[in-house]
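Comments concern the structure below.
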Amino acid sequence: MLCLLSALVFVAFLPSLIYMIAIRNTERYEREPWFAVLRSFIIGATFGIILAAILEGIAVNFYATSLSFLREYLFIAKHKESIDAIVLAAIIAPFIEEATKAYGIHVSRRYIDEIEDGLVYGASSGFGFAATENLLYEISAFLQGGLISWLYVALVRSISSALVHGSATAMTGLGYSLKRFHRGSLLKGYLSAVLLHSSFNILASVPIIYRGEGGYIYLVPLALAIMYGGISFSYIKKKIRYYDIPRRKG
C-alpha cells in the first residue's frame with residue numbers, strides 16, 4: 001500500500017517539478033534561489049489548493065441555493081448537469097484558484113527584484129497547485145478504473161492542465177512585478193490568469209456539452225487542450241527570456 005501511494009505521489013508531482021525547474025532555469029542571469037522557488041511550489045501545493053477547495057465549496061453552495069429559481073426553466077432543467085459543470089469550470093474555479101495560488105507569489109515577494117522573477121514564482125506556485133490537484137484526480141481514476149485509467153489521466157493532465165496552472169499564475173506574477181517596478185496593474189495580471197485558466201477549462205468542458213454525440217468529440221478538445229498547455233508554457237518561457245536581458249535591468 002505504501003509503495004502504491006508513493007508511486008501515485010511520484011507520478012503526480014514529477015512533471016510539475018520538472019516544469020518548475022525548467023521555468024526557474026529559463027532565467028539566465030541572477031536565477032532565483034532554489035529554496036524560495038520550492039517554497040512557492042509548496043505553498044501552491046498545500047495552502048493554495050486547500051483554501052481553493054474551501055472557497056469553491058462555499059461558492060458552489062451559494063450558486064446552487066441562490067439560483068435555484070432558475071431550475072424551473074425547461075432548458076436549464078434539461079441541461080442542469082452540464083451548465084453546473086461549466087459554471088464551476090469557467091467561472092468559479094478560475095477566479096478562486098488564481099487568487100489562492102497568488103499567495104505563492106506573496107510569500108516570495110522579498111526575492112522579486114526583477115520583472116521576470118514574478119513569472120518564476122507565479123509559475124512555481126501554479127505548478128505546485130497542479131501537482132496536488134493531479135494527485136487527487138489520479139487517485140480517483142485509479143480507484144474507479146484501475147491502472148490504465150490512472151496512467152491515462154496522469155499522462156493527459158501532466159501535459160495539459162498542469163502546464164496551464166503554472167502558466168496562468170505566472171501572469172499574476174508578471175502583473176505583480178510590473179506593478180512593483182513600472183506601475184503596472186496586478187489586477188490586469190490576475191484577470192489575464194483567470195482568462196487563460198477559464199478558456200482552457202471551457203475547452204476541456206466541450207465533451208461535457210456534447211455528451212453522448214459521438215466518441216470523436218472527445219479527441220478534438222483533448223488535442224487542443226494539450227496544444228493549449230504547450231503554447232502557454234512556451235509563452236511564459238518567452239516572456240522570461242524577454243525580460244531577462246542585461247540591458248533591461250536596472
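The values are calculated or read from the model by the stated rules, or taken from the named source; none is laboratory data. Just so it is clear, the model here is predicted, and its values are computed rather than measured. A quick note on method: Cβ atoms are made from the backbone with ideal geometry, for glycine too, and the neighbour counts reach across all protein chains shown.
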Task: helices (runs of 4 or more DSSP H) lying entirely in the range 168-250 (those with 1 or more residues that are modelled with pLDDT of 90 or more and aromatic (F, W, Y)) - done: 186-204, 219-243
Open item on the list: Filter the range 27-36 down to the residues that are outside any helix (DSSP H, G or I) and surrounded by fewer than 19 Cβ atoms within 10 Å (Cβ to Cβ) and list them by number.
Closed with: R28, Y29, E30, R31, P33
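Here's the yes/no breakdown for (1) loosely packed, with under 15 Cβ neighbours inside 10 Å; (2) over 19 Å from the mean Cα position of the chain (by Cα); (3) in a helix (DSSP H, G or I):
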| residue | (1), (2), (3) |
| --- | --- |
| L14 | yes, no, yes |
| Y19 | no, no, yes |
| N25 | yes, yes, yes |
| S40 | no, no, yes |
| I43 | no, no, yes |
| L51 | no, no, yes |
| E56 | no, no, yes |
| N61 | yes, yes, yes |
Open item on the list: Please list, ordered by residue number, the helices (runs of 4 or more DSSP H) wholly in the range 79-139 having 2 or more residues that are modelled with pLDDT of 95 or more and buried (at least 23 other Cβ atoms within 10 Å of the Cβ).
Closed with: 93-101, 103-106
Open item on the list: Cβ-Cβ under 6 Å, sequence separation 6+ or interchain: first residue in the range 169-183 and on the phi < 0 side of the Ramachandran plot, partner buried (at least 24 other Cβ atoms within 10 Å of the Cβ) and aromatic (F, W, Y). Which pairs?
Closed with: G173/Y121
TODO: Looking only at the range 1-35, count how many residues are touching an Asp or Glu at 6+ places or on another chain (Cβ under 6 Å) and β-branched (V, I, T).
DONE: 0
